[in-house]
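Working notes for the structure below.
The values are calculated or read from the model by the stated rules, or taken from the named source; none is laboratory data. All of these numbers come straight from a predicted model, not from anything done at the bench. Note that we place each Cβ from the backbone using ideal geometry, even for glycine, and neighbour counts take in every protein chain shown.
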Amino acid sequence: MKNVYLDNNATTMVAPEVIQAMQPFFEAFWGNPSSMHAFGGEVRRHIDTARAAVADLLGAEPGEIIFTGCGTESDNMAIHGALEAADRPLNIITSRVEHLAVLSTCRHAAETRGCRLIELGVDGAGQLDLAELRKALAEGPALVSLMWANNETGVVFPIEEIAAIVKQAGGLFHTDAVQAVGKVPIDLRNVPVDMLSLSGHKLHAAKGIGALYVRKGTRIVPLLHGGHQEEGKRAGTENVPYIVGLGRACELSAAHMAEEAEAVPKLRDRLEQGLLASCPDVYVNGDRNNRLPNTTNVSFEFIEGEAILYDLNDLGIAASSGSACTSGSLEPSHVLRAMGVPFTRAHGSVRFSLSRYTTAEEVDYVIERMPGIARRLRALSPFAST
């Protein structure tokens, strides 16, 4: 039985080069980077190198990068930190299709801080109505948090245009770019984003490391208080091996992005077209023109998505139904519900997400096996004959 991993939006394989870069920091370079002696100084230089690599991938300055424990921490730090630092009450504007790391944080912040929360809707393709954003911004000073790319559908928001609208209105703008960093070009020298979140394990680094970009001059209050680490913005001794690994992963992303932008969408489209051709009542969810190069979200109508995943797993194929952070829930995806996808389709949605390690043979294996799964499960479905 083959092993085919197509769940890269949940997490990615740690690149061999990243493991190699991390290894010395478990064995030889184990000093505390805050120490004044040579053991600490050597480690500090490697942290500085990694910070520069993250900044280079984003088109940022090293001093604008704060290392965190994960993307969720970065989102929380951006949202709570900006609201705490604001010299006046702010409305919170987000969307109904955000990752729960943002959506739950915005809702919690609104409840605990007494802020007004505005959740923007999306159309059937998963795209925002920018007129609705402008209307929300006209209702008072605001912190806006909108994702760069959706984790479930891969839909990419027009962040450049959104950022310009927010800045013109005098708002603060944060974007959760966890799914976008390393997959699409980002140059913050030309996009007026105030804060941006990323996560290492989405771009072939290890789990347990993330970063928050904070544009120079943007005020935030730290979540963690204590020592002077991260220029006083995030206390706690740095997770050195993982920081070094994230830096190496960012270097690899920059080196491979052009070839991935050509090769990975071809494999995604091959998979998508194969499924559409071989399985009846199949639909692709989301904007097919403005999306990540590696992601397709497909609905098999009248079939339970969880059942599809079990059958795929029995064949050695890893995929996902919605977000990994909501797996185990029997409710249809909040993203697909917000898009107005009918229940019988939303409940049968499967996300396939590829990486630079995905091969044509793996894609063809899924195309070959999926029709049999769909036929068997549809024959058992009480909805298929109604």
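Considering only the range 347-374, state which residues are outside any loop (DSSP other than H, G, I, E, B) and either among the hydroxyl-bearing types (Ser, Thr, Tyr) or at pLDDT below 95 (or both).
349, 353, 365
Just give me the residues in the range 4-52 being surrounded by 15 or more Cβ atoms within 10 Å (Cβ to Cβ), part of a loop (DSSP other than H, G, I, E, B) and either of a type in the set (Phe, Trp, Tyr) or over 22 Å from the mean Cα position of the chain (by Cα) (or both), in sequence order.
29, 31, 33
Do we find that residue 124 is closer than 30 Å to residue 283 by Cβ, assigned to a loop (DSSP other than H, G, I, E, B) and either among the small types (Gly, Ala, Ser) or not assigned by TED's automatic domain parsing to the domain that holds residue 320 (or both) in this structure? Please lay out each step first, then the result.
On the way: closer than 30 Å to residue 283 by Cβ: yes; assigned to a loop (DSSP other than H, G, I, E, B): yes; either among the small types (Gly, Ala, Ser) or not assigned by TED's automatic domain parsing to the domain that holds residue 320 (or both): yes.
Spelling it out, residue 124 is indeed closer than 30 Å to residue 283 by Cβ, assigned to a loop (DSSP other than H, G, I, E, B) and either among the small types (Gly, Ala, Ser) or not assigned by TED's automatic domain parsing to the domain that holds residue 320 (or both).
I'd like the residue in the range 106-135 that is small (Gly, Ala, Ser) and surrounded by 21 or more Cβ atoms within 10 Å (Cβ to Cβ) and, out of all such residues, is nearest to residue 202 (Cα to Cα). Outline the logic, then answer.
In the first step, residues of the range 106-135 are kept if they are small (Gly, Ala, Ser); the result is 109-110, 114, 121, 124-126, 131.
Restricting the remaining residues to those that are surrounded by 21 or more Cβ atoms within 10 Å (Cβ to Cβ) gives 109, 126.
On the way: 109: 26, 126: 22 Å.
If we take residues in the range 106-135 being small (Gly, Ala, Ser) and surrounded by 21 or more Cβ atoms within 10 Å (Cβ to Cβ), then 126 is nearest to residue 202 (Cα to Cα).
Pairs, please: C-beta under 8 Å, at least 6 apart or cross-chain, first residue at negative phi and in the range 129-146, second among the acidic types (Asp, Glu) and outside any strand (DSSP E or B)?
Close Cβ pairs (under 8 Å, with a partner that is among the acidic types (Asp, Glu) and outside any strand (DSSP E or B)) amount to 129/123; 130/161; 145/75; 145/98; 146/98.
Only one of 269, 281 is over 17 Å from residue 343 (Cα atoms), among the charged types (D, E, K, R) and either within 25 Å of the chain's Cα centre (by Cα) or surrounded by 15 or more Cβ atoms within 10 Å (Cβ to Cβ) (or both). Can you tell me which?
On the way: 281 fails: over 17 Å from residue 343 (Cα atoms).
None of the other options fit; the residue is 269.
Condition check: without any contact (Cβ under 8 Å) to a residue 40 or more places away in the chain and outside any strand (DSSP E or B). Does residue 222 satisfy that? First the steps, then the outcome.
On the way: without any contact (Cβ under 8 Å) to a residue 40 or more places away in the chain: no; outside any strand (DSSP E or B): yes.
The answer is no for residue 222.
Restricting attention to the range 1-24, which residues are over 30 Å from residue 349 (Cα atoms) and either modelled with pLDDT under 95 or among the small types (Gly, Ala, Ser) (or both)?
Quick first cut of the range 1-24, residues over 30 Å from residue 349 (Cα atoms) only: 16-24.
Residue satisfying the conditions is 21 alone.
Consider residue 249 carefully, then state whether it is touching a helix residue (DSSP H, G or I) at 6+ places or on another chain (Cβ under 9 Å), assigned to a helix (DSSP H, G or I), of a type in the set (A, V, I, L, M, F, W, C) and at pLDDT 95 or above. Spell out the reasoning first.
Numbers: touching a helix residue (DSSP H, G or I) at 6+ places or on another chain (Cβ under 9 Å): yes; assigned to a helix (DSSP H, G or I): yes; of a type in the set (A, V, I, L, M, F, W, C): yes; at pLDDT 95 or above: yes.
Judged against the criteria, residue 249 is a match.
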